[in-house]
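Comments concern the structure below.
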Amino acid sequence: MATEAAPMDEKAKRMRDLLSSFYAPDPSISTSGSSINASFDNINSTSFDADQYMDLMIKKSNLEVLLQRHVQMAAEIKNLDTDLQMLVYENYNKFISATDTIKRMKSNIFGMEGNMDQLLQKIMSVQSKSDGVNTSLFEKREHIEKLHRTRNLLRKVQFIYDLPARLQKCIKSEAYGDAVRFYTGAMPILKVYGDTSFQDCRRASEEAIEIIIKNLQTKLFSDSESIQARAEAAVLLKQLDVPVDSLKAKLLEKLEQSLDGLQIKPEEASTLVEHDDSSNDTESNDQHPAKIHEDAVRGFSEAIRAYREIFPDSEERLFKLARALTAMHFEHMELYIKKRVSAADFLGIFRIVWEDVVLMDEVLPEAALSDLSAEAAQVTLKQFVARMFSHLQQDISDTLLKFDINQKEAVEGELLKVVLEASQKAVLQGTTNIFQDFRQLLDEKTGIFIKMKDLISGWIQKGSQDFFRSLEAQFLVLSGKTSSSNDIEGKSSDKIHAGLILVLAQLSVFIEQKVIPRVTEEIAASFSGGNSQAFENGPAFIPGELCRVFHAASEKLLQHYIDTRTQKVSVLLRKRFKTPNWVKHKEPREVHMYVDMFLHELEDVGKEVKQVLPQGTFRKHKRTDSNGSNTTTSSRSNTLHNDKMARSNSQRARSQLFETHLAKLFKQKVEIFTKVEFTQESVVTTTVKLCLKSLQEYVRLQTFNRSGFQQIQLDIQFLKAPLKEAVEDEAAIDFLLDEVIVAASERCLDVIPLEPPILDKLIQAKLAKSKEHNHNTVSS
Amino acid sequence: MQGGSSGIGYGLKYQARCISDVKADTDYTSFLTGTLSLKEENEVHLLRLSSGGSELICEGLFSHPNEIWDLASCPFDQRIFSTVFSTGESFGAAIWQIPELYGQLNSPQLERVASLDAHVGKINCVLWWPSGRCDKLISIDEQNLFLWSLDCSKKSAEVLSKDSAGMLHSLSGGAWDPHDVNAVAATGESSVQFWDLRTMKKVNSIEHAHVRGVDYNPKREHILVTAEDESGIHVWDLRKAKVPVQELPGHTHWTWAVKCNPEYDGLILSAGTDSAVNLWFASASSSDDKTSESPVESTRQRVNPLLNSYTDYEDSVYGLAWSSREPWVFASLSYDGRVVIESVKPFLPRI
């Protein structure tokens, strides 16, 4: 079937093509269908060239094929002829039938016009009749409409007259929403006719509305109502044209006022914390200030939450309030820590404040309270650390100054020792305490502390570095070595007792050797974290540098002590040598009293030193309890020595200078100015040496007559014994005393020394006198 | 810091206290020094540093009637100088002239130009007009200040004006301000006092005890350096004289004399009774600024203002003088009569 259908289709297709080419002689369309075999042999193509086709056929095919082709073509041509004949017939038929149809149409149309005229007439009559009905009913309809309007109006009037009652009912049932709706509905009418017809009505309803407003306001202000209800109330009030803004302002003001109640006042802060501790035992939570505070803050944050919902446009204001509260908290905390506060108390307050902040942050997350307070907390903490150190410093200097070191007590009693021990304890205990406190800070688990751990460590390190540095500076100021710039000449160096300087010196040694290593350990153990912080100048706490600083300070202070002491003696000596006219000096009668004063000063030094400084390792034997006998024996031995010296003096008075020069050449140069050590002996020796050197210098500035020289000789001779008693370096003392004698003889116009017996006698007399004096003072 | 014995030494016969730079001698670096001997005949030595700087030559030796407590060379005439002397009982001051052809004389005698006889009392020092040819002199005793007018040709000196400091102050020395020729500082027992020579009135004072030596900084106005018995050396700014600008440790015992270098600002020399001469560098100018600037640097500077310590002396050093011709050279004189000339050149690059 399929094979049969295909040539059928072929044929039909060809027919159609031919037809279409006939009707529409557009070659592009006709060729489009059969373009597949569009070539020279395609007879149907428009570009078919018969001659070419023939040539090609002849060339390509043999005779048989050509004959076959001829037969085929003849058949095809015959077919085409019949097809064309058929087409002509068909078309002709169609043309004839079309002509018939037109003829029929012409006969049908005829007679339609009369019907149309009839229709028009009928419609016209319908219209005139309907107009008649309309005019007859118009008046009645008009009347009905009027009646309807009147009825509406009457209903409204009725509503307005009913309004007060209805409002009252609403008030009773607290259906404020309906009431407001009614009122606002009646509003336009009341506005227009309120002054005339509905005066009473208006008044009554206004009264009712006023009540409603009042109720709404109280509802708005009352904290017991639910937030929803309050928000509704606010919305209703707004609908009633009540100035809500002023209400809002009032409310916020109230809120602001309540801030005062929330403040942690510095004076209350301590009780807040104290009660925190005590009430834990008693469980009296209702009287608990901290609890009260917490509730208050909770209330505050609730209020904020409420207002935020009620007045969405007031956020800024609320933020401001919350920030103000936070800022105030931290301000108060700063005030609070101005007084001394322990770390525990500080933490207590801090915790409360932090809780408050967290509470508020929950309500107002956009206010960035936690950032704000983190910043403030950093500042506060930093201040706290700094303040702890400054308090410690204050403590130490208080301990030092607490004892009124006046001349007598300091020397006689054990006061210096007490001061030293107390201050040592203050330093050591103080640093231990402070680090304990700081450890509490680090252990604290409140959110912000964990973040700031590194910072805190850094602050503590830096703080301790600064602390020791400023402590050193303060020591120097206290000692009068450097005058502090802020109180110019407030304390002149005369008023600072030398003993205090000595204590400070020893304290510096103590800090260098004991305290700083300990602090270093503490920091290494607990506060090393801060190193990760990038400090520009390396780690903040440099124990090596501090040790150096305090070492230098201790030496400086010790030197300063010796200086102040020798200065006193120096003044004494200066007076002694300035006053008399040495060229006209009278025969020496007795040992001059400045010697006593000099020895007294030395004694003071000895006593002070003994209280504060440790004993040296090298120590010459000394019997302090048998003082009296000791001096006499030594003085006797000295007489012998002096005898020798006196003789030599008289013998070679003239070539004295040459002699001393020669002696110096052979004698090993005695080291007068050795380094001072932190021992009792070293300090005393240095003082004595410096004083004797001063004595020599004063002698060199004078010119003596014989008696003047003898006076010096006598005084020096007397000094010899007690000085040697006090000092470890006897050779140096001998040397210096001899130097004084030599200096005096050089400056003497007429060197004749006192005879030894006279010398001895005068010295004995002096000894007896001083013994008697001592005796008198003891007995009195 | 150990002072090596690099110095050039010269021995006087007797003890001595004072040495002075001969400022007017522009050809040689010379110093004048005088002995202090109560009983022997005292001498004035004119010393000259050889051109190679390796030797100290005694250019002239003159006898002086009394022991010399102070000696100052005239700034404009190298042959003129002043001395303060003591006879044992009383003090006096005189202006002397070295004879012109002293080299050719056997035993040249000093010519006395003038004696400041009108000044009785324990004279401490004579100050010359700080620079240039001016015939003004100042003599200071324990209580008084005299301003003199000297006439070399007439060989006379007249008192122009005087003022008393009062009994209690007991002045001990002084210095003439090179920047303000009307200002003179005098050291007293409890203060340094300043006089205005035009009115001859005390104008100012620094309350500071036991000042021994005083010197103006010749390179910088208003800066004054003092040496004290116990407390070392202080540098003051006279415009704010309450607190010293800088403090130097000084000497182990008293600091006796202090001299600012005439050429190198901040270079200070001090002599002490601990038989040492110390060379300091005091950045006095702006020590305050520096501390604020960088603490590290200032501590370093504070640690070591001492450039060198010359310790090669047997006795206390009282005499000290910079050479104005060769400002890196100074002369020091210890009590045993030893003059030592040292050069600070090795320390100059460090400034």
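Does at least one position in segment A:565-576 carry a residue that is surrounded by fewer than 15 Cβ atoms within 10 Å (Cβ to Cβ) and outside the structural domain of A:LEU416 (by the TED database)?
No, there is no match, as no residue in segment A:565-576 is surrounded by fewer than 15 Cβ atoms within 10 Å (Cβ to Cβ) and outside the structural domain of A:LEU416 (by the TED database).
For segment A:722-751, which positions are assigned to a loop (DSSP other than H, G, I, E, B), of a type in the set (A, V, I, L, M) and more than 14 Å from every other protein chain (Cβ to nearest Cβ)?
Narrowing segment A:722-751 to residues assigned to a loop (DSSP other than H, G, I, E, B): A:727-729, A:747, A:749-751.
Now restrict to residues that are of a type in the set (A, V, I, L, M): A:727, A:749, A:751.
Hit for segment A:722-751 is A:VAL727, nothing else.
For A:LEU759, only one of the following conditions fails: (1) closer than 30 Å to B:GLY337 by Cβ; (2) surrounded by 20 or more Cβ atoms within 10 Å (Cβ to Cβ). What is its number?
All conditions are met except number (1).
For segment A:604-616, does any single residue satisfy the condition of being assigned to a helix (DSSP H, G or I) and either within 14 Å of another protein chain (Cβ to nearest Cβ) or modelled with pLDDT under 75 (or both)? Quick ask: steps written out before the conclusion?
Narrowing segment A:604-616 to residues assigned to a helix (DSSP H, G or I): A:604-612.
Within this subset, residues satisfying the condition of being either within 14 Å of another protein chain (Cβ to nearest Cβ) or modelled with pLDDT under 75 (or both) are none.
Looking through segment A:604-616, none of the residues is assigned to a helix (DSSP H, G or I) and either within 14 Å of another protein chain (Cβ to nearest Cβ) or modelled with pLDDT under 75 (or both).
Here's a check for you: in segment B:225-248, which residue that is surrounded by 21 or more Cβ atoms within 10 Å (Cβ to Cβ) and aliphatic (A, V, I, L, M) is farthest from the other protein chains (Cβ to nearest Cβ)?
Out of the qualifying residues, it is B:VAL225.
If you check B:GLY92, B:GLY88, which single one turns out to be over 27 Å from B:PRO218 (Cβ atoms), at pLDDT 80 or above, of a type in the set (Gly, Ala, Ser) and surrounded by 15 or more Cβ atoms within 10 Å (Cβ to Cβ)? Don't jump to the end; show me each part of the working.
Values: B:GLY88 fails: at pLDDT 80 or above.
That would be B:GLY92, the only listed residue that is over 27 Å from B:PRO218 (Cβ atoms), at pLDDT 80 or above, of a type in the set (Gly, Ala, Ser) and surrounded by 15 or more Cβ atoms within 10 Å (Cβ to Cβ).
Could you list, in sequence order, all residues of segment A:166-212 that are among the hydrophobic types (A, V, I, L, M, F, W, C) and outside any helix (DSSP H, G or I)? Spell out how you get there, then give the answer.
Narrowing segment A:166-212 to residues among the hydrophobic types (A, V, I, L, M, F, W, C): A:167, A:170-171, A:175, A:179-180, A:182, A:186-187, A:189-190, A:192, A:198, A:201, A:204, A:208-209, A:211-212.
If the condition is that a residue be among the hydrophobic types (A, V, I, L, M, F, W, C) and outside any helix (DSSP H, G or I), then A:ALA175, A:PHE198 are the ones that fit.
Suppose we filter segment B:55-71 for residues that are more than 14 Å from chain A (Cβ to nearest Cβ), over 16 Å from the mean Cα position of the chain (by Cα) and touching a residue at least 12 places away in the same chain (Cβ under 8 Å); how many remain?
Residues that pass the stated criteria total 10.
Do the conditions hold for B:GLY52, that is, is it farther than 13 Å from B:ASP70 by Cα and within 14 Å of another protein chain (Cβ to nearest Cβ)?
On the way: farther than 13 Å from B:ASP70 by Cα: yes; within 14 Å of another protein chain (Cβ to nearest Cβ): no.
When the stated conditions are applied, B:GLY52 does not pass them.
Might you let me know whether segment B:213-222 holds any residue that is outside any strand (DSSP E or B), away from chain A (no Cβ under 14 Å), in contact with a strand residue (DSSP E or B) (Cβ under 6 Å, 6 or more places away or on another chain) and over 30 Å from B:GLN97 (Cα atoms)?
Among the residues of segment B:213-222, at least one is outside any strand (DSSP E or B), away from chain A (no Cβ under 14 Å), in contact with a strand residue (DSSP E or B) (Cβ under 6 Å, 6 or more places away or on another chain) and over 30 Å from B:GLN97 (Cα atoms), which makes the answer yes.
In segment A:183-210, which residue that is farther than 13 Å from A:ASP162 by Cα, among the hydrophobic types (A, V, I, L, M, F, W, C) and surrounded by fewer than 18 Cβ atoms within 10 Å (Cβ to Cβ) is modelled with the highest pLDDT?
For segment A:183-210, the residue satisfying everything is A:MET187.
Based on this model, can you work out whether A:PRO588 counts as surrounded by fewer than 22 Cβ atoms within 10 Å (Cβ to Cβ), within 14 Å of chain B (Cβ to nearest Cβ), within 24 Å of A:ILE752 (Cβ to Cβ) and not aliphatic (A, V, I, L, M)?
Details: surrounded by fewer than 22 Cβ atoms within 10 Å (Cβ to Cβ): yes; within 14 Å of chain B (Cβ to nearest Cβ): no; within 24 Å of A:ILE752 (Cβ to Cβ): yes; not aliphatic (A, V, I, L, M): yes.
It is false that A:PRO588 is surrounded by fewer than 22 Cβ atoms within 10 Å (Cβ to Cβ), within 14 Å of chain B (Cβ to nearest Cβ), within 24 Å of A:ILE752 (Cβ to Cβ) and not aliphatic (A, V, I, L, M).
Can you confirm whether A:ARG706 is surrounded by fewer than 18 Cβ atoms within 10 Å (Cβ to Cβ), touching a residue at least 40 places away in the same chain (Cβ under 8 Å), under 30 Å from B:CYS18 (Cα atoms) and not assigned by the TED database to the domain that holds A:VAL503? Break it down into steps so the answer makes sense when it comes.
Working: surrounded by fewer than 18 Cβ atoms within 10 Å (Cβ to Cβ): yes; touching a residue at least 40 places away in the same chain (Cβ under 8 Å): yes; under 30 Å from B:CYS18 (Cα atoms): yes; not assigned by the TED database to the domain that holds A:VAL503: yes.
Against the criterion (surrounded by fewer than 18 Cβ atoms within 10 Å (Cβ to Cβ), touching a residue at least 40 places away in the same chain (Cβ under 8 Å), under 30 Å from B:CYS18 (Cα atoms) and not assigned by the TED database to the domain that holds A:VAL503), A:ARG706 qualifies.
Return the only residue of B:LEU38, B:LEU46 being closer than 18 Å to B:CYS18 by Cβ and part of a strand (DSSP E or B). Let's see the steps before the verdict.
Numbers: B:LEU38 fails: part of a strand (DSSP E or B).
Going through B:LEU38, B:LEU46 in turn, just one is closer than 18 Å to B:CYS18 by Cβ and part of a strand (DSSP E or B): B:LEU46.
So if I check each of A:HIS293, A:HIS332, which one is in contact with a Pro (Cβ under 9 Å, 6 or more places away or on another chain), of a type outside the set (Ser, Thr, Tyr) and at pLDDT 65 or above?
On the way: A:HIS293 fails: in contact with a Pro (Cβ under 9 Å, 6 or more places away or on another chain).
Just one listed residue meets the conditions, A:HIS332.
When segment B:143-183 is examined, which residues are found to be under 22 Å from B:GLN78 (Cα atoms), basic (Lys, Arg) and in contact (Cβ under 8 Å) with a residue 24 or more places away in the chain?
B:LYS155
Scan (1) more than 10 Å from every other protein chain (Cβ to nearest Cβ); (2) not in a strand (DSSP E or B) for the single condition B:LEU269 breaks and write down its number.
Unmet condition: (2).
It is to be established whether one or more residues within segment A:718-727 are acidic (Asp, Glu) and at pLDDT 60 or above.
yes
Say we look at segment B:308-342 and pick out the residues that are away from chain A (no Cβ under 14 Å) and assigned to a loop (DSSP other than H, G, I, E, B); which of these is surrounded by the fewest Cβ atoms within 10 Å (Cβ to Cβ)?
Restricting to residues being away from chain A (no Cβ under 14 Å) and assigned to a loop (DSSP other than H, G, I, E, B), the top hit is B:PRO327.
Please specify each residue of segment A:546-585 satisfying the condition of being within 11 Å of chain B (Cβ to nearest Cβ) and among the aromatic types (Phe, Trp, Tyr).
The one that is within 11 Å of chain B (Cβ to nearest Cβ) and among the aromatic types (Phe, Trp, Tyr): A:TRP582.
Let me confirm something: among B:ASN217, B:ASN278, which residue is over 25 Å from A:ASP563 (Cβ atoms) and at pLDDT 85 or above? Break it down stepwise before answering.
On the way: B:ASN278 fails: over 25 Å from A:ASP563 (Cβ atoms).
Every option except B:ASN217 fails the conditions.
Any idea which of (1) away from chain B (no Cβ under 13 Å); (2) within 28 Å of A:ARG700 (Cβ to Cβ); (3) in contact with a helix residue (DSSP H, G or I) (Cβ under 8 Å, 6 or more places away or on another chain) is the one A:MET593 doesn't satisfy?
The one condition A:MET593 does not meet is (3).
Name the helices (runs of 4 or more DSSP H) wholly within segment A:355-461 that hold at least 2 residues that are outside the structural domain of A:LEU471 (by the TED database) and modelled with pLDDT of 75 or more?
So the answer is A:369-402.
The values are calculated or read from the model by the stated rules, or taken from the named source; none is laboratory data. Keep in mind it's a predicted model, so treat the numbers as computed, not measured. All Cβ positions, even for glycine, are placed from backbone atoms using ideal geometry, and neighbour counts span all protein chains on display.
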